[in-house]
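The values are calculated or read from the model by the stated rules, or taken from the named source; none is laboratory data. Keep in mind that what you see is a predicted model, and the values were worked out from it rather than measured. Methodologically, a virtual Cβ is constructed for each residue, glycine included, from the backbone with ideal geometry; neighbour enumeration extends over all protein chains shown. Each accessible area value is taken on the protein alone, full model and side chains, heavy atoms only, with ligands, DNA and RNA left out. Shrake-Rupley method; radii C 1.70, N 1.55, O 1.52, S 1.80 Å.
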Amino acid sequence: MYQNLLFEQSPDLQLQAFYNTPLGELYQAIPFDSLGKNIPQPRRAISGKGCKPWFDVKGGIALQILKSYYKCSDAMLIEMLNGNWQMQMFCGIRLVNGEQIKDKDMVSRWRSYLGKKLDMDKLQMSCVQHWKPFMQHTHSGFCDATVYESYITYPTDAKLLWRAISDVHLMIKDIRKRLKLRTSRTKHENRKKKYLAFAKKRKKSKRGNKKMCKLLLKYLNRLLGQLNELESKHKAVSGKGKRLKTIKELQEQQWKLYFGKQAKVLDRIVSLHKPYVRPIIRGKEVKPVEFGPKVNLLQVDGINFIEHLSYDNFNESTRLQSTIHMQRRYFGACYQMGADAIYATKANRKYCTQNNIATSFVAKGKEGEYKEQKSQMRSILGKIRSTVLEGSFGNEKTHYDMAQIKARTEANEKVWIFFSLLTSNASQIAKRMQMIQNQSQAA
């Protein structure tokens, strides 16, 4: 069997060898100690009861970073970790004598735990303190908003209603089986054939879609009535309270649209298994509507920070002043701010003028003295915003597993986004640290 001679050396030599690898460079760019202090240890680690955990909080954070870095599934990450000594040192463990981690759900359990304890502002502040020596022009900031899409099927009213019908039908079937009652006469298979015939059509007319949705709504209403009767008469419970609550809310919303007089409803449900996701209307030619959290980001010297994250749509122009406050808290000063045209409201212009902050907004009225210099400043800020900031969005979504967020809960999605963004930032800081080290060695 092959034996790595590195493991026969002293721990200091092993650590030095690890620091010379790409993962080691990334490790040095992340303040694991300060990040770990901002998240409390799990109860089991404090009490000492039960089996010894494989990872502490720093190891749990490292797992999320490795997942974004390698863009792999949770099970694949554990499989890679078992055979890669660099990944083990990155997580603060060492598997010896044939030890193997067999729990494939460990990454998702740590994601759930971190989701309950996550405080983005505190963790970002810890990173800023560690990264400041490697950042320049910290008095200049840029802000813009983007949407990180959740992993859901594209929603249509008919598709959502049929999924709700299938779930309620299974609940009724399960309860009647447990109570030893005969199968209800709902002609479910006939309705299924009608829906599938409609779903297979390449072009669905507006009239045909409305007719199908009304038919499905009436059927769903009838099924919910049967389920309520079973629960009240036989005191039977479906065991899927959260899903049933979402289905009832969906039924109320759709009923208002198709049988009421409302043209739109608030907090519209677009996914039964992710009821917190809302449609975000972006107005883009290719993708007019996106489904996922909308994030307002602050960028300083190419490093992105989350200023505001919401699943409900919001006007990003209202976040400019809070973005400037955030930059001042993190870096002490803000003298230039580059932002999209949507941020150029009267209130934001007035605030920036009062605080002597140069912006990339197109001037209104007479510019007074230094007209040429102001024009050059606007041009530079606008160019950096449209290239570096918007380019970073594509880089994060393409290379750090943020194209579609596959976590299953709202808290877990926030953890996924935060640590993917942290990984992207740390990769840039690691390159800068390595460049400084190479220059010092050359000198």
| task | Check off (1) of a type in the set (D, E, K, R); (2) assigned to a loop (DSSP other than H, G, I, E, B); (3) open to solvent by less than 50 Å² (accessible area, probe 1.4 Å) for K104 and give me the number that stays unchecked. | result | (3)
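Going through the stretch 290-326 one residue at a time, which ones are assigned to a strand (DSSP E or B) and open to solvent by 40 Å² or more (accessible area, probe 1.4 Å)?
As a first pass, look at the stretch 290-326 and keep what is assigned to a strand (DSSP E or B): 290-291, 294-300, 303-310.
Of everything in the stretch 290-326, just one residue is assigned to a strand (DSSP E or B) and open to solvent by 40 Å² or more (accessible area, probe 1.4 Å), namely H308.
Looking for whichever is of a type outside the set (S, T, Y) and open to solvent by 20 Å² or more (accessible area, probe 1.4 Å) here; the options are R111, R94. Which one fits?
Details: R111 fails: open to solvent by 20 Å² or more (accessible area, probe 1.4 Å).
Unique residue meeting the criteria: R94.
Considering only residues that are over 17 Å from T156 (Cα atoms) and touching a Phe, Trp or Tyr at 6+ places or on another chain (Cβ under 9 Å), look in the stretch 188-217 and name the one that is most open to solvent (accessible area, probe 1.4 Å). Please lay out each step first, then the result.
Let us first name the residues in the stretch 188-217 that are over 17 Å from T156 (Cα atoms), namely 188-191, 193.
Now narrow it down to the ones that are touching a Phe, Trp or Tyr at 6+ places or on another chain (Cβ under 9 Å): 188, 191.
Values: H188: 25, R191: 60 Å².
Residue satisfying both the conditions and the ranking: R191.
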| remark: Within the stretch 327-352, of all residues that are of a type in the set (S, T, N, Q) and under 24 Å from Q136 (Cα atoms), the one most open to solvent (accessible area, probe 1.4 Å) is Q336
| For the subset of the stretch 398-413 comprising residues that are closer than 14 Å to K67 by Cα and of a type in the set (D, E, K, R), which member is surrounded by the most Cβ atoms within 10 Å (Cβ to Cβ)? | E413
| request: Answer yes or no: is there a residue in the stretch 356-378 that is in a helix (DSSP H, G or I) and at pLDDT 90 or above. | output: no
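Of the residues K242, K233, K248, which single one is open to solvent by 70 Å² or more (accessible area, probe 1.4 Å), over 20 Å from F291 (Cβ atoms) and either touching a strand residue (DSSP E or B) at 6+ places or on another chain (Cβ under 7 Å) or at pLDDT 85 or above (or both)?
Details: K242 fails: over 20 Å from F291 (Cβ atoms); K233 fails: either touching a strand residue (DSSP E or B) at 6+ places or on another chain (Cβ under 7 Å) or at pLDDT 85 or above (or both).
Only one candidate qualifies: K248.
Residues checked against (1) in a helix (DSSP H, G or I); (2) among the hydrophobic types (A, V, I, L, M, F, W, C); (3) under 30 Å from K180 (Cβ atoms):
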site: R243; (1), (2), (3): yes, no, yes
site: K248; (1), (2), (3): yes, no, yes
site: W255; (1), (2), (3): yes, yes, no
site: V265; (1), (2), (3): no, yes, no
site: S271; (1), (2), (3): no, no, no
site: Y276; (1), (2), (3): no, no, no
